[in-house]
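Rule-based calculations on the coordinates, nothing more; no lab input. All values reported here derive from a predicted model rather than from experimental measurement.
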Amino acid sequence: MPSSMPATSTRKTAATVPEAAARFSTGDAVRVANGAVFGHVRTPQYVRGKIGTVERICGRFRAPEELSRGKYDGAQRALYRVRFLQVEVWPDYHGDPSDTLDVEIYEHWLEPVRTKR
């Protein structure tokens with residue numbers, strides 16, 4: 001690389017999401033929507049309808065469902081890392097009951113889970 005070139009990358013990164021601007025916060029219980037969807041979907045079938053906990057907010061990105069259809073100017077959406085107990089995802093799981101699975105899921109796929117008081 002020539003010495004006149006900047007050493008820093010000019011690649012655009014995802015917008016950060018302040019916790020206050022996101023619909024969900026770290027530690028919130030969420031359920032993944034379980035509707036029928038056609039076309040490219042990034043949310044795995046095996047977690048649909050399952051309950052997990054928001055582990056972190058990853059940033060804001062354009063929705064892959066829209067990008068796969070050539071819509072490149074859509075709004076950015078919050079992306080969350082959601083942690084599931086493996087026994088919640090696979091009821092016949094025989095490993096340690098505290099084993100977890102983390103999946104990154106867009107906000108429009110998540111619903112709040114109301115806890116009973």
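Some values worked out for this structure:
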quantity: Interchain or long-range residues, amide H under 5 Å from Tyr80's placed H; calculated: Cys58, Ile105, Tyr106, Glu107
quantity: Cα gyration tensor, region 56-96 - rounded (a/c under 1.5), prolate or oblate; calculated: oblate
quantity: Gyration tensor (alpha-carbon) shape descriptor, region 19-112, a/c threshold 1.5; calculated: oblate
quantity: Nonlocal amide H pairs with Thr100, under 5 Å, H built at 1.01 Å; calculated: Gln86
